[in-house]
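Data block below; observations after.
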Amino acid sequence: MAPRRIARAARGRGHGAEPVVTAGDLYDRDGDAPSRTLKGDHRRSEGLLRGRSGVMRLRDGLSVHFSDAEDLKDFVVERDCAPNLGVKIFLEGAVEATVGGVRVPMPEKAETGWQPIGCIFAQSRTERFVRRTRKGVHVRKVSIAITPEWLEAGAADNGFDLEKIRRFASCHLAWRTWRPSNRAISMAEQIINPPDQPLLLSGLYLESRVLALIAEAFEQILSVAPGADDARLRPQDRKRLQRVEEWLSANNEGPVSADRLASDVGSSTNTLQRLFQAAYGMSVYSYIRLWKLKQARQALENGGVSIAEAAYLAGYTSPANFATAFKRQFGLSPRDVQVAL
């Protein structure tokens, strides 16, 4: 499929007067998303942004939105977002944005300037996106949307295992942030300010850089230790990891120690530690903690358990400590999960 330009402000810095994005431009950009709502009484000709802002659909299931623009007004935009994996690189500026009530992480401004931030955000069902802007804020960002269909097609075409990515994607409203590499920052800059090219070449140019950002985001989920690769694991090691998951599924209540887990799956603690570091880039304790937090979240989302019961499932004796760990991992509190039902 040829890339399709949905909307784009044509010129940016260094090319004369910066363009103004109007309320009408925002409506026209999402012509295929009628659920979009621009709050307030805005005329179609009213300027809301000054600078570069646009969206390009690179192929079915993969699109990129970029912005290098200053908000000219205080305004609120809402729209429904279909299930997707979102990869976001924020270079400058911070706005209040939420998906399903969960705040999207934003960069912080230090004495030396803005500190870029990367975020991969999982959304397994349709949710409402809300963005509240403030006049005078300049935002430079790249936001990539990946549908489940594109993800599965990529796995089939390339023959790689997406199990860890699938697990993350199925954890609704989970997110993970990281400090983008210099290469990722450069890729984002090139997406924001690409060279003037014919549409086909422009699509290929943008897609290559989008895929580079997706690869770095996926590295955060795969959590592979430096020099280690899951594909290098011996067959017996993969079977041992499978036994660990089976054991955790069958023993899903109360605390679990690394020593007990190692003993029950027929391994020494030290051997299991080395295996988990190679496969997941984390300790056995960290893996158990993450596994049980996910089980607790699933129990809360399915209903029928209290926060205290979910804390016990996750191995916490203190609901307050559980709530702190839960929010640190998923970006929302246990009560937020219950309210969202």
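The values are calculated or read from the model by the stated rules, or taken from the named source; none is laboratory data. Computed from a predicted structure; not experimentally measured. The protein model used for the area step is the full one, side chains on, heavy atoms only, and it has no ligands, DNA or RNA in it. Shrake-Rupley method; radii C 1.70, N 1.55, O 1.52, S 1.80 Å.
Can you send over the carbon and sulfur percentage of the accessible area for region 240-331, probe radius 1.4 Å, protein chains only?
Roughly 47 percent of what the probe reaches on region 240-331 is carbon or sulfur.
Taking all protein chains in place and a 1.4 Å probe, what share, in percent, of the accessible surface of region 71-152 do carbon and sulfur account for?
In region 71-152, the share of accessible area belonging to carbon and sulfur is 48 percent.
Give me Rg over Rh for region 259-341, both radii from the alpha carbons and Rh done the Kirkwood way, two decimal places.
With Rg and the Kirkwood Rh in hand, the quotient comes to 1.06.
Based on alpha-carbon atoms only, what is the radius of gyration of region 124-223 relative to the globular estimate 2.2 N^0.38 Å?
Rg over 2.2 N^0.38 Å, computed on Cα atoms: 1.24.
Just the number, please: Stokes-Einstein D of region 286-329 in µm²/s, Kirkwood Rh from C-alpha pairs, 25 °C, 0.890 mPa s.
Value of D from the Cα-based Kirkwood radius: 246 µm²/s.
Given the pairs K39/K109; K109/K292; K88/K294, which are separated by over 32 angstrom at their Cα positions?
Check vs 32 Å cut-off fails for K109/K292.
List the pair-distance distribution P(r) of region 256-301, using every Cα-Cα distance, as the percent of pairs falling in each 5 Å bin from 0 up to the bin containing the longest distance, rounded to whole percents.
Going out from 0 Å in 5 Å bins, region 256-301 shows 5, 24, 25, 22, 13, 8, 3, 0 percent.
What per residue convex hull volume, in Å³, comes out for region 48-164 when only alpha-carbon positions are used?
123
Two decimals is fine: what's Rg over Rh for region 162-214, C-alpha atoms, Kirkwood radius as Rh?
1.10
Per residue, how large is the accessible surface of region 105-221? Use a 1.4 angstrom probe and give square angstrom.
Accessible area per residue, region 105-221: 49 Å².
Skip the ligands, DNA and RNA, and give the accessible area per residue of region 39-82 with a 1.4 Å probe, whole Å².
I get 44 Å² per residue for this part.
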